[in-house]
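Trainee: Please see the structure below; I have some questions.
The values are calculated or read from the model by the stated rules, or taken from the named source; none is laboratory data. These numbers were taken from a predicted model, which means no experiment stands behind them. Every residue, glycine as well, gets a Cβ built from its backbone with ideal geometry; the counts of neighbours run over all protein chains shown. Each accessible area value is taken on the protein alone, full model and side chains, heavy atoms only, with ligands, DNA and RNA left out. Shrake-Rupley method; radii C 1.70, N 1.55, O 1.52, S 1.80 Å.
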Amino acid sequence: MSSPPLSGGQLREYNMIKRLSRDFSIHLWVCTRFLEVDATGVAEMGRYCDSVRLYEADPPADRPEPIPQRMWQQRSHRMRQDVAEMLDSGAVDLVHVEGYYMMQYLPVPDPPTGSDARGAPLPAVMLVEENIEYLIDRQWDALAGGLDTWRATERLEREQWHRADLCGVVSQDDYDHMREVAPDIRPVYVPHGCDHLDLLSPEADRRTAAPPGEELSVVFVGDYTYPPTHDAAVHLLTEIWPRVADRYSAARLSFVGRGPSDEIRRLAAGRTRVDVTGFVDSIRDTLDAADLFVCPLRVGGGVKLKMLEAVTRGVPVVTSPVGAQGFPGGITAQMAVHDEPEAFAGAVVALLEDATSRDRRSRAQRAAAAELTTWEETARDLGDAWRSLAGRPSRLIPADRPPQTQGSGI
(Lines give C-alpha, C1' and ligand atoms only; values in the text may rest on other atoms or scores of the structure.)
Protein backbone atom coordinates (compact mmCIF):
# COMPACT_ATOMS: atom_id res chain seq x y z
CA MET A 1 0.00 0.00 0.00
CA SER A 2 1.34 3.42 -0.98
CA SER A 3 0.16 5.02 2.29
CA PRO A 4 1.29 5.38 4.96
CA PRO A 5 4.55 5.98 3.03
CA LEU A 6 6.89 4.25 5.48
CA SER A 7 9.36 2.80 2.97
CA GLY A 8 11.13 4.27 -0.03
CA GLY A 9 8.95 2.32 -2.44
CA GLN A 10 5.77 3.44 -0.74
CA LEU A 11 6.90 7.07 -0.78
CA ARG A 12 7.63 6.85 -4.50
CA GLU A 13 4.26 5.28 -5.27
CA TYR A 14 2.43 7.83 -3.12
CA ASN A 15 4.07 10.81 -4.80
CA MET A 16 3.50 9.41 -8.28
CA ILE A 17 -0.15 8.47 -7.76
CA LYS A 18 -0.95 11.82 -6.15
CA ARG A 19 0.30 13.65 -9.23
CA LEU A 20 -0.83 11.25 -11.95
CA SER A 21 -4.38 11.20 -10.58
CA ARG A 22 -4.83 14.72 -11.96
CA ASP A 23 -4.83 13.28 -15.50
CA PHE A 24 -5.69 9.58 -15.10
CA SER A 25 -8.38 7.47 -13.46
CA ILE A 26 -6.40 5.10 -11.26
CA HIS A 27 -7.59 1.89 -9.63
CA LEU A 28 -5.12 0.78 -6.94
CA TRP A 29 -5.14 -2.93 -6.11
CA VAL A 30 -2.69 -4.18 -3.48
CA CYS A 31 -1.75 -7.60 -2.11
CA THR A 32 -0.30 -7.34 1.38
CA ARG A 33 1.10 -9.41 4.21
CA PHE A 34 0.40 -6.53 6.62
CA LEU A 35 -3.33 -6.04 6.29
CA GLU A 36 -3.95 -4.02 9.47
CA VAL A 37 -1.11 -1.57 8.80
CA ASP A 38 -1.95 -1.09 5.12
CA ALA A 39 -5.66 -0.70 5.84
CA THR A 40 -4.85 2.59 7.58
CA GLY A 41 -3.83 4.05 4.21
CA VAL A 42 -6.94 3.17 2.23
CA ALA A 43 -8.76 6.44 2.97
CA GLU A 44 -5.73 8.57 2.05
CA MET A 45 -5.19 6.77 -1.26
CA GLY A 46 -8.91 7.02 -1.91
CA ARG A 47 -8.40 10.78 -2.28
CA TYR A 48 -6.43 10.11 -5.48
CA CYS A 49 -7.75 6.79 -6.81
CA ASP A 50 -11.11 5.88 -8.30
CA SER A 51 -10.97 2.68 -6.27
CA VAL A 52 -8.64 1.08 -3.73
CA ARG A 53 -8.73 -2.64 -3.02
CA LEU A 54 -6.65 -4.40 -0.41
CA TYR A 55 -6.10 -8.17 -0.53
CA GLU A 56 -4.51 -10.21 2.21
CA ALA A 57 -1.82 -12.56 0.96
CA ASP A 58 -2.74 -16.23 1.39
CA PRO A 59 0.17 -18.32 0.10
CA PRO A 60 -0.02 -22.07 0.69
CA ALA A 61 2.45 -23.40 3.22
CA ASP A 62 4.51 -25.37 0.71
CA ARG A 63 6.41 -23.27 -1.82
CA PRO A 64 7.59 -24.96 -5.04
CA GLU A 65 11.39 -24.78 -5.11
CA PRO A 66 11.81 -22.74 -8.35
CA ILE A 67 9.46 -19.96 -7.15
CA PRO A 68 11.25 -17.09 -5.34
CA GLN A 69 10.05 -16.33 -1.82
CA ARG A 70 9.09 -12.76 -2.71
CA MET A 71 6.79 -13.99 -5.47
CA TRP A 72 5.24 -16.73 -3.37
CA GLN A 73 4.51 -14.59 -0.32
CA GLN A 74 2.49 -12.09 -2.39
CA ARG A 75 -0.08 -14.66 -3.48
CA SER A 76 -3.84 -13.95 -3.22
CA HIS A 77 -6.33 -16.24 -4.92
CA ARG A 78 -9.12 -13.66 -4.59
CA MET A 79 -7.03 -10.93 -6.18
CA ARG A 80 -6.22 -13.17 -9.13
CA GLN A 81 -9.94 -13.74 -9.74
CA ASP A 82 -10.81 -10.03 -9.44
CA VAL A 83 -8.01 -8.94 -11.79
CA ALA A 84 -9.27 -11.38 -14.42
CA GLU A 85 -12.83 -10.04 -14.06
CA MET A 86 -11.66 -6.42 -14.31
CA LEU A 87 -9.69 -7.15 -17.47
CA ASP A 88 -12.67 -9.03 -18.94
CA SER A 89 -14.84 -5.95 -18.43
CA GLY A 90 -12.89 -3.99 -21.05
CA ALA A 91 -12.81 -0.95 -18.75
CA VAL A 92 -9.02 -0.92 -18.37
CA ASP A 93 -6.82 1.03 -20.81
CA LEU A 94 -3.48 0.18 -19.21
CA VAL A 95 -2.12 -2.07 -16.46
CA HIS A 96 0.79 -0.69 -14.40
CA VAL A 97 2.60 -3.38 -12.41
CA GLU A 98 5.05 -2.64 -9.57
CA GLY A 99 7.64 -5.42 -9.40
CA TYR A 100 8.12 -8.47 -11.60
CA TYR A 101 6.53 -10.70 -8.94
CA MET A 102 3.17 -9.01 -9.54
CA MET A 103 3.07 -10.02 -13.20
CA GLN A 104 1.75 -13.37 -11.98
CA TYR A 105 -1.71 -11.77 -11.69
CA LEU A 106 -2.03 -11.18 -15.41
CA PRO A 107 -3.55 -13.97 -17.50
CA VAL A 108 -1.41 -15.72 -20.06
CA PRO A 109 -2.80 -14.65 -23.46
CA ASP A 110 -3.19 -16.48 -26.71
CA PRO A 111 -0.19 -15.04 -28.66
CA PRO A 112 -1.80 -14.93 -32.13
CA THR A 113 -4.77 -12.87 -30.93
CA GLY A 114 -3.41 -10.95 -27.95
CA SER A 115 -6.48 -12.12 -26.00
CA ASP A 116 -6.85 -14.20 -22.88
CA ALA A 117 -8.21 -17.73 -22.85
CA ARG A 118 -11.79 -16.41 -23.05
CA GLY A 119 -11.10 -14.17 -26.02
CA ALA A 120 -11.06 -10.87 -24.11
CA PRO A 121 -8.52 -8.37 -25.51
CA LEU A 122 -5.79 -7.50 -23.01
CA PRO A 123 -4.71 -3.90 -22.35
CA ALA A 124 -1.06 -2.91 -22.62
CA VAL A 125 1.14 -3.55 -19.59
CA MET A 126 3.89 -1.41 -18.06
CA LEU A 127 6.18 -3.11 -15.53
CA VAL A 128 8.24 -0.88 -13.21
CA GLU A 129 11.14 -2.38 -11.26
CA GLU A 130 12.20 -0.40 -8.21
CA ASN A 131 15.02 -2.94 -7.94
CA ILE A 132 16.24 -5.70 -10.20
CA GLU A 133 15.55 -8.40 -7.66
CA TYR A 134 17.87 -11.10 -8.97
CA LEU A 135 20.84 -8.76 -8.55
CA ILE A 136 19.89 -8.43 -4.88
CA ASP A 137 19.57 -12.21 -4.57
CA ARG A 138 23.01 -12.55 -6.15
CA GLN A 139 24.46 -10.29 -3.45
CA TRP A 140 22.85 -12.42 -0.72
CA ASP A 141 24.34 -15.53 -2.32
CA ALA A 142 27.79 -13.91 -2.34
CA LEU A 143 27.52 -13.08 1.38
CA ALA A 144 26.49 -16.68 2.04
CA GLY A 145 29.68 -17.97 0.46
CA GLY A 146 29.11 -18.13 -3.25
CA LEU A 147 25.73 -19.83 -3.60
CA ASP A 148 23.95 -19.82 -6.94
CA THR A 149 20.27 -19.72 -5.96
CA TRP A 150 19.75 -16.32 -7.58
CA ARG A 151 19.59 -17.91 -11.02
CA ALA A 152 15.97 -19.03 -10.47
CA THR A 153 14.96 -15.42 -9.75
CA GLU A 154 16.89 -14.21 -12.79
CA ARG A 155 15.04 -16.58 -15.11
CA LEU A 156 11.60 -15.65 -13.79
CA GLU A 157 12.28 -11.91 -13.60
CA ARG A 158 13.65 -11.65 -17.11
CA GLU A 159 10.71 -13.65 -18.43
CA GLN A 160 8.37 -11.04 -16.97
CA TRP A 161 10.32 -8.20 -18.60
CA HIS A 162 9.62 -9.79 -21.96
CA ARG A 163 5.92 -10.23 -21.19
CA ALA A 164 5.44 -6.48 -20.61
CA ASP A 165 4.93 -3.90 -23.33
CA LEU A 166 7.20 -1.43 -21.54
CA CYS A 167 9.59 -1.69 -18.58
CA GLY A 168 10.58 1.15 -16.25
CA VAL A 169 13.52 1.38 -13.82
CA VAL A 170 14.38 3.96 -11.15
CA SER A 171 18.20 3.98 -11.41
CA GLN A 172 20.63 4.55 -14.25
CA ASP A 173 22.56 1.45 -13.15
CA ASP A 174 19.48 -0.75 -13.55
CA TYR A 175 18.67 0.89 -16.90
CA ASP A 176 22.17 0.09 -18.18
CA HIS A 177 21.98 -3.47 -16.86
CA MET A 178 18.60 -4.14 -18.47
CA ARG A 179 19.83 -2.82 -21.81
CA GLU A 180 22.96 -4.98 -21.56
CA VAL A 181 21.34 -8.31 -20.69
CA ALA A 182 18.10 -7.82 -22.63
CA PRO A 183 18.87 -5.54 -25.61
CA ASP A 184 15.43 -6.19 -27.09
CA ILE A 185 13.76 -4.58 -24.04
CA ARG A 186 12.71 -0.93 -24.34
CA PRO A 187 13.17 0.41 -20.79
CA VAL A 188 12.36 3.92 -19.62
CA TYR A 189 14.12 5.72 -16.78
CA VAL A 190 11.71 6.99 -14.09
CA PRO A 191 13.93 8.06 -11.15
CA HIS A 192 12.87 9.01 -7.65
CA GLY A 193 11.97 12.63 -7.08
CA CYS A 194 14.08 14.41 -4.50
CA ASP A 195 12.04 17.43 -3.45
CA HIS A 196 9.55 16.06 -0.90
CA LEU A 197 11.75 17.29 1.99
CA ASP A 198 12.80 20.46 0.12
CA LEU A 199 16.37 20.96 -1.02
CA LEU A 200 18.40 22.92 1.50
CA SER A 201 20.20 25.69 -0.39
CA PRO A 202 23.98 25.23 -0.73
CA GLU A 203 24.37 28.73 0.67
CA ALA A 204 22.35 27.97 3.81
CA ASP A 205 24.22 27.20 7.01
CA ARG A 206 23.44 23.94 8.75
CA ARG A 207 24.75 22.22 11.86
CA THR A 208 28.53 21.79 11.63
CA ALA A 209 29.34 21.27 15.30
CA ALA A 210 27.45 20.06 18.34
CA PRO A 211 26.26 22.69 20.81
CA PRO A 212 28.33 22.89 24.02
CA GLY A 213 27.79 19.80 26.15
CA GLU A 214 26.26 17.73 23.33
CA GLU A 215 27.73 14.83 21.40
CA LEU A 216 27.99 14.72 17.64
CA SER A 217 25.02 12.94 16.09
CA VAL A 218 25.45 10.03 13.66
CA VAL A 219 22.26 8.56 12.15
CA PHE A 220 21.29 5.53 10.12
CA VAL A 221 17.78 5.72 8.69
CA GLY A 222 15.84 2.89 7.11
CA ASP A 223 13.01 0.40 7.18
CA TYR A 224 14.46 -2.36 9.37
CA THR A 225 11.78 -4.84 8.32
CA TYR A 226 13.56 -4.86 4.94
CA PRO A 227 16.28 -7.57 5.13
CA PRO A 228 19.10 -5.52 3.49
CA THR A 229 18.53 -2.67 5.99
CA HIS A 230 18.46 -5.07 8.93
CA ASP A 231 21.69 -6.67 7.71
CA ALA A 232 23.34 -3.25 7.40
CA ALA A 233 22.28 -2.30 10.95
CA VAL A 234 23.74 -5.49 12.41
CA HIS A 235 26.91 -5.01 10.35
CA LEU A 236 27.22 -1.44 11.64
CA LEU A 237 26.75 -2.48 15.26
CA THR A 238 29.10 -5.47 15.19
CA GLU A 239 31.85 -4.57 12.72
CA ILE A 240 31.98 -0.79 12.27
CA TRP A 241 30.75 1.16 15.29
CA PRO A 242 33.06 -0.58 17.81
CA ARG A 243 35.98 0.64 15.71
CA VAL A 244 34.55 4.17 15.67
CA ALA A 245 33.89 4.21 19.42
CA ASP A 246 37.43 3.10 20.20
CA ARG A 247 38.83 6.14 18.37
CA TYR A 248 36.14 8.79 18.89
CA SER A 249 33.98 8.63 21.98
CA ALA A 250 32.08 11.93 21.69
CA ALA A 251 29.50 10.75 19.19
CA ARG A 252 26.08 9.14 19.51
CA LEU A 253 24.69 6.68 16.96
CA SER A 254 20.92 6.56 16.36
CA PHE A 255 18.93 3.99 14.40
CA VAL A 256 15.86 5.75 13.01
CA GLY A 257 12.99 4.10 11.15
CA ARG A 258 10.30 1.51 11.57
CA GLY A 259 10.66 -2.11 12.63
CA PRO A 260 13.98 -2.42 14.46
CA SER A 261 14.30 -6.07 15.42
CA ASP A 262 15.00 -7.58 18.83
CA GLU A 263 18.50 -8.39 17.57
CA ILE A 264 19.18 -4.74 16.72
CA ARG A 265 17.85 -3.61 20.09
CA ARG A 266 19.93 -6.22 21.93
CA LEU A 267 23.14 -5.28 20.13
CA ALA A 268 22.51 -1.57 20.68
CA ALA A 269 21.81 -2.09 24.38
CA GLY A 270 25.24 -3.63 24.73
CA ARG A 271 26.99 -0.43 23.67
CA THR A 272 27.15 3.07 25.14
CA ARG A 273 25.91 6.07 23.16
CA VAL A 274 23.76 4.00 20.81
CA ASP A 275 20.01 4.65 20.55
CA VAL A 276 17.27 2.77 18.72
CA THR A 277 14.80 5.56 18.05
CA GLY A 278 12.42 3.70 15.75
CA PHE A 279 9.76 5.52 13.75
CA VAL A 280 9.75 9.33 13.87
CA ASP A 281 7.07 11.72 12.62
CA SER A 282 9.55 14.06 10.90
CA ILE A 283 12.56 12.57 9.17
CA ARG A 284 13.46 16.09 8.07
CA ASP A 285 13.95 17.21 11.68
CA THR A 286 16.06 14.11 12.34
CA LEU A 287 18.33 14.80 9.38
CA ASP A 288 18.66 18.50 10.13
CA ALA A 289 19.87 17.66 13.65
CA ALA A 290 22.42 15.09 12.40
CA ASP A 291 26.14 15.68 11.90
CA LEU A 292 26.73 12.56 9.82
CA PHE A 293 24.65 9.98 7.92
CA VAL A 294 25.92 6.43 7.66
CA CYS A 295 24.61 3.70 5.33
CA PRO A 296 26.78 0.54 5.31
CA LEU A 297 24.54 -1.53 3.03
CA ARG A 298 26.01 -4.80 1.81
CA VAL A 299 22.95 -5.77 -0.24
CA GLY A 300 20.65 -3.52 -2.26
CA GLY A 301 19.55 -2.16 -5.59
CA GLY A 302 18.08 0.92 -7.21
CA VAL A 303 18.49 4.27 -5.47
CA LYS A 304 18.08 4.41 -1.70
CA LEU A 305 15.51 7.09 -0.94
CA LYS A 306 16.79 7.69 2.61
CA MET A 307 20.21 8.41 1.14
CA LEU A 308 18.59 10.82 -1.28
CA GLU A 309 16.88 12.59 1.62
CA ALA A 310 20.17 12.91 3.51
CA VAL A 311 21.85 14.39 0.43
CA THR A 312 19.13 16.99 -0.16
CA ARG A 313 19.20 18.08 3.49
CA GLY A 314 22.97 18.39 3.34
CA VAL A 315 23.99 15.70 5.83
CA PRO A 316 27.51 14.46 5.03
CA VAL A 317 27.37 10.79 4.04
CA VAL A 318 29.59 7.78 4.67
CA THR A 319 28.32 4.77 2.77
CA SER A 320 29.25 1.57 0.99
CA PRO A 321 29.47 1.01 -2.77
CA VAL A 322 26.01 -0.59 -2.59
CA GLY A 323 24.62 2.46 -0.82
CA ALA A 324 26.14 4.84 -3.36
CA GLN A 325 24.98 2.98 -6.46
CA GLY A 326 22.52 4.77 -8.70
CA PHE A 327 23.60 8.29 -7.71
CA PRO A 328 25.17 10.69 -10.24
CA GLY A 329 28.92 11.06 -10.05
CA GLY A 330 28.70 14.65 -8.84
CA ILE A 331 26.99 13.44 -5.68
CA THR A 332 28.98 10.27 -5.03
CA ALA A 333 32.17 12.34 -5.34
CA GLN A 334 31.11 14.15 -2.17
CA MET A 335 30.36 10.95 -0.25
CA ALA A 336 32.94 8.89 1.62
CA VAL A 337 32.46 5.46 0.00
CA HIS A 338 34.09 2.42 1.61
CA ASP A 339 33.38 -1.30 1.73
CA GLU A 340 35.64 -2.75 4.43
CA PRO A 341 34.70 -2.06 8.08
CA GLU A 342 38.10 -0.58 8.99
CA ALA A 343 38.07 1.90 6.10
CA PHE A 344 34.42 2.75 6.73
CA ALA A 345 35.06 3.41 10.42
CA GLY A 346 38.12 5.49 9.55
CA ALA A 347 36.06 7.71 7.25
CA VAL A 348 33.45 8.21 9.97
CA VAL A 349 36.11 9.22 12.50
CA ALA A 350 37.86 11.55 10.04
CA LEU A 351 34.65 13.45 9.35
CA LEU A 352 33.64 13.59 13.02
CA GLU A 353 37.01 15.19 13.77
CA ASP A 354 36.81 17.75 10.96
CA ALA A 355 33.89 20.21 11.02
CA THR A 356 35.31 22.12 8.04
CA SER A 357 35.31 18.99 5.90
CA ARG A 358 31.76 18.18 6.94
CA ASP A 359 30.62 21.65 5.95
CA ARG A 360 32.42 21.51 2.60
CA ARG A 361 30.91 18.12 1.72
CA SER A 362 27.47 19.26 2.83
CA ARG A 363 27.46 22.31 0.57
CA ALA A 364 28.88 20.38 -2.40
CA GLN A 365 26.25 17.64 -1.98
CA ARG A 366 23.45 20.20 -1.97
CA ALA A 367 24.83 21.94 -5.04
CA ALA A 368 24.95 18.65 -6.95
CA ALA A 369 21.49 17.65 -5.70
CA ALA A 370 19.99 20.76 -7.31
CA GLU A 371 20.28 18.91 -10.63
CA LEU A 372 18.25 15.90 -9.45
CA THR A 373 14.75 15.15 -10.70
CA THR A 374 11.64 16.47 -8.95
CA TRP A 375 8.52 14.38 -8.36
CA GLU A 376 6.63 16.54 -10.86
CA GLU A 377 9.20 15.79 -13.55
CA THR A 378 9.18 12.06 -12.83
CA ALA A 379 5.37 11.93 -12.79
CA ARG A 380 5.31 13.78 -16.12
CA ASP A 381 7.67 11.24 -17.68
CA LEU A 382 5.71 8.28 -16.33
CA GLY A 383 2.48 9.89 -17.53
CA ASP A 384 3.96 10.21 -21.01
CA ALA A 385 4.82 6.50 -20.93
CA TRP A 386 1.26 5.67 -19.89
CA ARG A 387 -0.17 7.77 -22.71
CA SER A 388 2.05 6.02 -25.24
CA LEU A 389 0.52 2.69 -24.21
CA ALA A 390 -3.06 3.51 -23.16
CA GLY A 391 -5.69 1.98 -25.38
CA ARG A 392 -3.22 -0.22 -27.24
CA PRO A 393 -3.74 -3.99 -27.18
CA SER A 394 -1.06 -5.82 -25.26
CA ARG A 395 1.72 -7.79 -26.88
CA LEU A 396 1.83 -9.88 -23.68
CA ILE A 397 3.52 -13.15 -24.45
CA PRO A 398 3.44 -16.17 -22.15
CA ALA A 399 6.57 -17.03 -20.25
CA ASP A 400 8.18 -20.36 -21.08
CA ARG A 401 7.11 -21.67 -17.69
CA PRO A 402 4.59 -19.21 -16.22
CA PRO A 403 4.70 -19.17 -12.41
CA GLN A 404 1.57 -20.43 -10.72
CA THR A 405 1.52 -17.75 -8.03
CA GLN A 406 0.38 -14.16 -7.43
CA GLY A 407 1.25 -10.33 -6.21
CA SER A 408 0.41 -5.80 -6.08
CA GLY A 409 -0.19 -3.59 -9.02
CA ILE A 410 -1.75 -0.33 -10.04
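Trainee: On the accessible surface of the chain, probed at 1.4 Å, how many percent belong to carbon and sulfur atoms?
Mentor: Working: 8540 of 17440 Å².
Ligands and nucleic acids excluded, carbon and sulfur give 49 percent.
Trainee: What's the angle, to the nearest 10 degrees (0 to 90), between helix 150-163's Cα axis and the longest principal axis of the chain?
Mentor: That helix lies at roughly 50 degrees to the long axis.
Trainee: How much of the pair distance distribution for the stretch 131-206 lies past 16 Å, counting alpha-carbon pairs only, in percent?
Mentor: Cα-Cα pairs of the stretch 131-206 separated by over 16 Å account for 61 percent.
Trainee: Another question about this same structure. Which Rg and Dmax, in Å, describe the Cα atoms of the stretch 6-70?
Mentor: That works out to 14.3, 43 Å for Rg and Dmax.
Trainee: Given a 1.4 angstrom probe, what's the average accessible area per residue across the chain, in square angstrom?
Mentor: With the other protein chains kept in place, the chain gives 43 Å² per residue.
Trainee: Along its three principal axes, how long is the chain when you only count alpha carbons? Whole Å, largest extent first please.
Mentor: Computed over the Cα atoms, the extents are 73, 44, 41 Å.
Trainee: Here is a further query. In whole angstrom, how long is each semi-axis of the equivalent ellipsoid of the stretch 226-380, when you take the square root of 5 times every eigenvalue of its Cα gyration tensor and sort them from largest down?
Mentor: 24, 18, 15
Trainee: Now, a different point. Taking the inverse of the average 1/r across all pairs of different Cα atoms in the stretch 136-263, what Kirkwood radius in Å do you get?
Mentor: 19.0
Trainee: Taking the Cα centre of the chain as origin and charging only Cβ (+1 Lys, Arg; -1 Asp, Glu), how large is the dipole, in debye to the nearest 20?
Mentor: Rounded to the nearest 20 debye, it is 220 debye.
Trainee: May I ask you to work out the translational diffusion coefficient for the stretch 16-163 at 4 °C, viscosity 1.567 mPa s, via Stokes-Einstein with Rh from the Kirkwood sum over Cα pairs, reported in whole µm²/s?
Mentor: 76
Trainee: Take the Cα pairs of the stretch 213-272, get the Kirkwood Rh, then feed it into Stokes-Einstein at 37 °C and 0.692 mPa s and tell me D in µm²/s.
Mentor: Details: Rh = 11.9 Å.
Reported coefficient: 275 µm²/s.
Trainee: For the stretch 32-91, report the convex hull volume of the alpha-carbon atoms normalised per residue, in Å³, without decimals.
Mentor: 103
Trainee: Of PRO191, ALA355, ALA368, which is farthest along the charge dipole of the chain in the positive direction, counting Lys and Arg as +1 and Asp and Glu as -1 at C-beta?
Mentor: The residue sitting most towards the positive pole is ALA355.
Trainee: To the nearest 20 debye, what charge dipole does the stretch 226-344 have about its Cα centre, counting +1 at the Cβ of each Lys and Arg and -1 at the Cβ of each Asp and Glu?
Mentor: In debye, rounded to 20, the stretch 226-344 gives about 120.
Trainee: I need the peptides 12-21, 216-225 ranked by packing, meaning the mean over residues of other C-beta atoms within 10 angstrom, with the highest value on top.
Mentor: 216-225, 12-21
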